[in-house]
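Have a look at the structure below before the remarks.
Values in this text are rule-based calculations from the coordinates and carry no lab data. Please read all numbers here as calculations on a predicted model, not as lab measurements. With ideal geometry, Cβ positions are generated from the backbone for all residues, glycine too; neighbour counts draw on all protein chains shown.
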Amino acid sequence: MPEFGRNTLELIVQELQRPVRVDESFDRRVMVRVRRMHAERRSHFAADWLGTAVNLTRRPAYAAALAAGVVAVVTVGMLRSRPETVASAGPIPVQFVLVAPEARSVAVVGDFNNWGLGDTALVAENHNGVWSVSAPVPAGVHRYAFLVNGKQWVADPTAPRAASDDFGQPSSALVVEGSLE
Amino acid sequence: MESSDAALVSRVLHGEVNAYGALVSRYRDKYARYAVHMLGNREDAEEALQDAFTRAYRSLARCEDPERFGAWLFRILVNRCRTSGARRVRRGQTFVHDETALLNASQEHPAEQTMWREEIERALGELSADQREAFLLKYVEELGYDEMAEITGVGVSALKMRVMRACDRLRVLLKEVHSA
């Protein structure tokens, strides 16, 4: 036991800074979970995209309405985005729109596509500065954001902000209700 | 040559999931120390650390500066420890010292050193969670107050106060043990 009267704090810190070693089995446990998440994500994402293709081709009226919405946004020239939902079985197609004329690329990342991990980000198409992309989103409450130029994290300016979480970037809240059909 | 954090993150984001293992190995021990001291036992610490790694993987695309993956992961861990600590309080569990760590320490250090370590762990457990967090971040992890504020979301003045009170309390607690 060290004598007091010396620099006690220094002695405490010295003791607490000693290394703590974790068994190597820890790595294996983490990687088992990570690989499982990786496999689940890839299978879900592929299935969701097949569903979207079918839904959109069956709904020309929806596509036309969406195009009209894009034009309206361009006309007013505001920074605006709007996820819209239509009736569908299974995951609901949601349209994400962001007006960002200066952007070189825009993608949508959220918990529904595991924040774009492993190339699952939804790459938006540019229509004169109005970026849009459709994606099937399961019913429930989700967080999402736009990834501009591959690095700038932008919350949806027209959607409610999601409560703060661990990751330090802004995100928006999206509520997708269950099937309407 | 060892890959940078940014290079490993990039490989993971491009589907090379095994590259994440290198990041786990790199930060496992370093951050286990914080979790063990913060939570007071190895089981909760490993759980919080494992949770932090898997949450970080799930949200890896949200890591704005992959070169600073370690700092980003640490922020997640600090939050995980807060959640775990709050859960433990709700369960009514008291702070216990890390028996495994003490056992390891006793093999490496004289008995007196082990006693000293045990008293420090016990004194740490006497601090409030806020004070313990601030003290560990400042003195053990050697972060600046600005970094601490960024990680914890607490203002610099409040953090300085917590650190000061933690130091005063530790001195009193350990002096009491020494005089007893």
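Fewest neighbouring Cβ atoms within 10 Å first, the residues B:Glu43, B:Glu121, A:Glu15, A:Glu125 line up as A:Glu125, B:Glu43, A:Glu15, B:Glu121.
By counting other Cβ atoms within 10 Å of each Cβ, how are B:Asp44, B:Asp65 ranked from fewest to most? Before the final figure, lay out each step's value.
Details: B:Asp44 21, B:Asp65 12.
Lowest to highest Cβ neighbour count: B:Asp65, B:Asp44.
Please give the FRET efficiency for B:Ser128 paired with A:Gln169, using the beta carbon to beta carbon distance and R0 = 35 Å, rounded to the nearest 0.05. Using R0 = 35 Å, I get an efficiency of 0.75.
Rounded to the nearest 20 Debye, what is the dipole magnitude of region B:24-67 about its Cα centre when Lys and Arg each give +1 and Asp and Glu each give -1 at the C-beta? Before the final figure, lay out the partial values.
Working: 8 positive and 9 negative charges, 19 e Å.
Roughly 100 debye for region B:24-67.
Could you give the length gained by full extension between A:Arg21 and A:Lys151, i.e. 0.36 nm per residue of separation minus their alpha carbon distance, to one decimal place?
Values: separation 130, 0.36 × 130 = 46.80 nm, distance 3.47 nm.
Residue separation times 0.36 nm, minus the Cα-Cα distance, leaves 43.3 nm.
Of B:Met38, A:Met31, how do they rank once you tally other Cβ atoms within 10 Å and put the fewest first? All intermediate terms of the calculation are to be shown ahead of the outcome.
On the way: B:Met38 25, A:Met31 20.
Going from least to most buried by this count: A:Met31, B:Met38.
In debye, nearest 20: dipole of region B:127-180 around its Cα centre with unit charges on the Cβ of K, R (+) and D, E (-)? The partial results should precede the final answer.
On the way: 8 positive and 9 negative charges, 74 e Å.
For this selection, approximately 360 debye.
Going 7 Å from the Cα of A:Arg35 in the Cα-to-Cβ direction, what parts of region B:1-32 have a backbone nitrogen less than 17 Å from that spot? Once the point is set 7 Å along Cα→Cβ of A:Arg35, B:12, B:15-25 turn out to lie under 17 Å by backbone N, inside region B:1-32. Averaged over peptide B:46-58, the number of partner chain Cβ atoms lying within 10 Å of each residue's Cβ comes to 4. Could you check the spin-label model distance between A:Thr158 and B:Asn18? Points 7 Å from the Cα along Cα→Cβ, value in nm. Simple spin-label model gives 4.6 nm for this pair.
On a full-extension model of 0.36 nm per residue, what is the gain between B:Ala149 and B:Ser25, subtracting their alpha-carbon distance, rounded to one decimal in nm?
On the way: separation 124, 0.36 × 124 = 44.64 nm, distance 2.70 nm.
Separation in residues times 0.36 nm, less the Cα-Cα distance, equals 41.9 nm.
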